[in-house]
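Peer 1: Input: one structure, supplied below.
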Number of protein chains: 2
Amino acid sequence: MRATTIHGVRDIRYTDVPDPVIAEPTDAIVRVTAACICGSDLWSYRGDNGPIERPRTIGHECLGEVVEVGSAVRTFRVGDHVLVPFDHCDNTCPACVAGYQSACVNHATTTSGQGEYARVAEADGTLFSLGGAPARDEIPDLLALTDVMATGWHAAVMSGVRPGGTAVVVGDGAVGLCGVIAAVELGAERVIAMSRHADRQRLAREFGATDIVASRGAEGEAAVAELTGGVGADYVLECVGNDAAMRTALHVARAGATVGFVGVPHGVEVPIRLLFDTNVGLKGGMAPVRGYVETLLDLVRAGRIDPGRVLDLALPVERAADGYRAMDERTAIKVQLTY
Amino acid sequence: MRATTIHGVRDIRYTDVPDPVIAEPTDAIVRVTAACICGSDLWSYRGDNGPIERPRTIGHECLGEVVEVGSAVRTFRVGDHVLVPFDHCDNTCPACVAGYQSACVNHATTTSGQGEYARVAEADGTLFSLGGAPARDEIPDLLALTDVMATGWHAAVMSGVRPGGTAVVVGDGAVGLCGVIAAVELGAERVIAMSRHADRQRLAREFGATDIVASRGAEGEAAVAELTGGVGADYVLECVGNDAAMRTALHVARAGATVGFVGVPHGVEVPIRLLFDTNVGLKGGMAPVRGYVETLLDLVRAGRIDPGRVLDLALPVERAADGYRAMDERTAIKVQLTY
């Protein structure tokens, strides 16, 4: 098949690779019908995940049509149109039952979601049936549900957002913007988006952010302190994953608040004494997409949320390299790859 | 006055020091009528808080009688018998109102609680009236409420203990043992105490622990894994404060559980990637004693909890040095100082 592959720092290609195959009887193979590029793909793209030893496929956000199922797959059959949560799970183990499908004992992830085909482990637990081919205008929202909307939602849930109070969202990438959507939907009265980019500030406001803080670091923290009367935020969503973002998140939280963190940690050092002194908690990690997808799809279909708007550039999958460049240079928030 | 003072590593004396005085109109001076030594006093005693530059008073757990009040104190008067939460708070600021009195904007701590007199900041917010001189046999329970019982309770609350499920308590000091009491009282179905000492194991069982794990490190973690069918605990109470205890706490937690930590962190490095991968949360810190004391006193007076049993040695305050030695050498769990 043809697939998006990474060969080194900022070296993305669309090349021939072996077709994925059924490796376990619980697997399915999906023909990808729509995909997108994730902010977390940029860690590899920028070399922040270490050297790329050999070329490999990349991409974990896609929709598709089932083209083959393993002998143990019961719920899906060839021809089914599905949403593919980026993190695969059996949805039956104790971690899944507790709502943490991202820590499933049989956890796996989509690895060729920007190619023609993708292997899905634990198909019965992982896949979500769309009940037919999705309408073209619904595709961006559905793509957002494979990862970023569920991840922003997870940040909000982990930080404990409930009706009333003030949320701060650190990070204005697609996940941060979806975090704004989530905080608003879960009832935060005030949602402060920390964002330096005019286009993202605008989208954050359209998603319901009540305040924008454009400065970062100590200056940004002071701005949040002023907005919250010196008290700090009741809920903080950390949607970046680097040390500066984590420190800001911890510093803008009020005593006893929880930082819901979903940015993949890179170089984060937790100031444990600060946590002790403030009773600010830290909870988060990889989002249990499969656990949230029904709720989120209901919200999309009810017209309450429209996370697909974070996809502000569409390119043919053959031009994935241009999409990565656009996200790296921040000329696009998030890129949809069309098939 | 005479007070317990620390002069260097393992150098505790009972010496003459200046009387504490009203420094702010919100202060009160309390004549100490009963006190005890805290496990956290041992950090200084052992030199783990850095060098003792000059002799100073030590001790933050006491009961007493009000002997002087500042001009702004409204609720208390000379002669009142009071329980002195170790962390002082105005009990009105946003942090206090949110239930985190330990992060009060006017936070202070008792500093001569093992002396004849102690200054209490924010007396109206901090002190808890006992409605008369406490009965002798009630004193140990009341002393436990000034810190360790409230701290163990905080660990349980922060870890989210609710009816059902399995709790693990890391640490068998007075706080850990009070953590067992708290986990049982808050409804954990199974409470696993990690303890290496026979006397403490026995007390943990009497407090309601259903299982004891005597091994530590990887071996202890494996034992908990076996007891929990490989899943891990629903709630973990970290009641030590060093890196080994924190790692064990994080490793015995099931996916998505929260480690309620109350051990004062010393050399703790948080493995943030482990938190991300498992969605195990971390929440805790200094206990808001004033926020818990009414609930806990009700439980004591109803006969539901008896945390005073962790005080297994009583010595005259003049012999405080012997008390520190006994706790350092683990021949006593916790020492009451009598007046």
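Peer 1: Those residues that are over 17 Å from the mean Cα position of the chain (by Cα) and either among the hydroxyl-bearing types (Ser, Thr, Tyr) or assigned by TED's automatic domain parsing to the domain that holds residue A:298 (or both), I need them from region A:129-163; list them, please. Step through it out loud before you land on a result.
Peer 2: From region A:129-163, those over 17 Å from the mean Cα position of the chain (by Cα) are A:129-138, A:160-163; that's our starting set.
Within region A:129-163, A:129, A:130, A:131, A:132, A:133, A:134, A:135, A:136, A:137, A:138 meet the criteria.
Peer 1: Can you tell me which residues in region A:42-84 are modelled with pLDDT of 95 or more, touching a Phe, Trp or Tyr at 6+ places or on another chain (Cβ under 7 Å) and under 24 Å from residue A:104 (Cα atoms)?
Peer 2: Residues satisfying the conditions are A:60, A:61, A:66, A:69, A:82, A:83.
Peer 1: Can I ask one more? Yes or no: residue B:22 aliphatic (A, V, I, L, M), modelled with pLDDT under 95 and in a loop (DSSP other than H, G, I, E, B)?
Peer 2: no
Peer 1: When you look at residue B:296, is it closer than 29 Å to residue B:32 by Cα, at pLDDT 95 or above and in a strand (DSSP E or B), yes or no?
Peer 2: On the way: closer than 29 Å to residue B:32 by Cα: yes; at pLDDT 95 or above: yes; in a strand (DSSP E or B): no.
The answer is no for residue B:296.
Peer 1: While we're here: Of all residues in region B:164-199, count the ones that are more than 19 Å from the chain's Cα centre (by Cα) and either basic (Lys, Arg) or surrounded by fewer than 24 Cβ atoms within 10 Å (Cβ to Cβ) (or both).
Peer 2: Residues that pass the stated criteria total 9.
Peer 1: Now for a different question. Could you please give the count of residues in region B:17-55 that are of a type in the set (Lys, Arg) and more than 22 Å from residue B:334 (Cβ to Cβ)?
Peer 2: Keep residues of region B:17-55 that are of a type in the set (Lys, Arg), which gives B:31, B:46, B:54.
Those still in the list that are more than 22 Å from residue B:334 (Cβ to Cβ) too: B:31, B:54.
The total comes to 2.
Peer 1: Would you check which residues across region A:273-288 are on the phi < 0 side of the Ramachandran plot and either at pLDDT below 95 or facing chain B (nearest Cβ under 7 Å) (or both) and list them? Spell out how you get there, then give the answer.
Peer 2: From region A:273-288, those on the phi < 0 side of the Ramachandran plot are A:273-278, A:280-283, A:286-288; that's our starting set.
A:273, A:275, A:276, A:277, A:278, A:281, A:282, A:283, A:286 - these are the residues of region A:273-288 that are on the phi < 0 side of the Ramachandran plot and either at pLDDT below 95 or facing chain B (nearest Cβ under 7 Å) (or both).
Peer 1: Which of the residues spanning region B:164-193 are farther than 13 Å from residue B:263 by Cβ and in a strand (DSSP E or B)? Step through it out loud before you land on a result.
Peer 2: Our first condition is that a residue be farther than 13 Å from residue B:263 by Cβ; within region B:164-193, this holds for B:164-168, B:177, B:180-193.
Selection gives B:166, B:167, B:168, B:190, B:191, B:192, B:193.
Peer 1: May I ask you to list the residues in region A:1-60 that are in contact with a His (Cβ under 7 Å, 6 or more places away or on another chain) and within 24 Å of residue A:90 (Cβ to Cβ)?
Peer 2: Of all residues in region A:1-60, those in contact with a His (Cβ under 7 Å, 6 or more places away or on another chain) come to A:13, A:38, A:43, A:48, A:52, A:55.
Passing the criteria: only A:38.
Peer 1: Would you mention how many residues in region A:92-107 are under 19 Å from the mean Cα position of the chain (by Cα) and crowded, with 20+ Cβ neighbours inside 10 Å?
Peer 2: Filtering region A:92-107 down to residues under 19 Å from the mean Cα position of the chain (by Cα) leaves A:96, A:99-104, A:107.
Cutting the leftovers down to crowded, with 20+ Cβ neighbours inside 10 Å gives us A:96, A:100-104, A:107.
Number of matching residues: 7.
Peer 1: Right, here's the next one. When residues of region A:128-163 are filtered for being surrounded by 24 or more Cβ atoms within 10 Å (Cβ to Cβ) and part of a loop (DSSP other than H, G, I, E, B), how many remain?
Peer 2: Of the residues in region A:128-163, 4 are surrounded by 24 or more Cβ atoms within 10 Å (Cβ to Cβ) and part of a loop (DSSP other than H, G, I, E, B).
Peer 1: Now, a different point. Does residue A:270 satisfy being more than 9 Å from chain B (Cβ to nearest Cβ), outside any helix (DSSP H, G or I) and not basic (Lys, Arg)?
Peer 2: On the way: more than 9 Å from chain B (Cβ to nearest Cβ): no; outside any helix (DSSP H, G or I): yes; not basic (Lys, Arg): yes.
Answer is no for this residue.
Peer 1: Out of A:237, A:296, I need the residue that is of a type outside the set (Phe, Trp, Tyr) and either closer than 22 Å to residue A:63 by Cα or within 11 Å of chain B (Cβ to nearest Cβ) (or both). Which one?
Peer 2: Values: A:237 fails: either closer than 22 Å to residue A:63 by Cα or within 11 Å of chain B (Cβ to nearest Cβ) (or both).
On inspection, the qualifying residue turns out to be A:296.
Every residue, every condition in (1) surrounded by fewer than 24 Cβ atoms within 10 Å (Cβ to Cβ); (2) closer than 23 Å to residue B:99 by Cβ, yes or no:
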residue: A:241; (1), (2): no, no
residue: A:249; (1), (2): no, yes
residue: A:256; (1), (2): yes, yes
residue: A:269; (1), (2): yes, no
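Peer 1: Restricting to region A:247-256, give me the number of residues that are in contact with a strand residue (DSSP E or B) (Cβ under 9 Å, 6 or more places away or on another chain) and at the interface with another protein chain (Cβ under 8 Å from one of its Cβ atoms).
Peer 2: Final tally of qualifying residues: 2.
Peer 1: State yes or no: is residue B:267 more than 18 Å from residue B:63 (Cα to Cα) and touching a residue at least 60 places away in the same chain (Cβ under 8 Å)? Explain how you work it out, then say what you get.
Peer 2: Values: more than 18 Å from residue B:63 (Cα to Cα): yes; touching a residue at least 60 places away in the same chain (Cβ under 8 Å): no.
No: the conditions fail for residue B:267.
Peer 1: Right, another one. Between a first residue in region B:189-214 that is farther than 20 Å from residue B:160 by Cβ and a second residue that is surrounded by fewer than 18 Cβ atoms within 10 Å (Cβ to Cβ) and small (Gly, Ala, Ser), which pairs have beta carbons less than 6 Å apart while being 6 or more apart in sequence or on different chains?
Peer 2: Between residues of region B:189-214 that are farther than 20 Å from residue B:160 by Cβ and residues that are surrounded by fewer than 18 Cβ atoms within 10 Å (Cβ to Cβ) and small (Gly, Ala, Ser), the close pairs are B:196/B:214.
Peer 1: Please verify whether residue A:205 is farther than 24 Å from residue A:264 by Cα and assigned to a helix (DSSP H, G or I), treating the condition exactly as stated.
Peer 2: Details: farther than 24 Å from residue A:264 by Cα: yes; assigned to a helix (DSSP H, G or I): yes.
So residue A:205 fits the description; yes.
The values are calculated or read from the model by the stated rules, or taken from the named source; none is laboratory data. These numbers come from a predicted model, not from an experiment. All Cβ positions, even for glycine, are placed from backbone atoms using ideal geometry, and neighbour counts span all protein chains on display.
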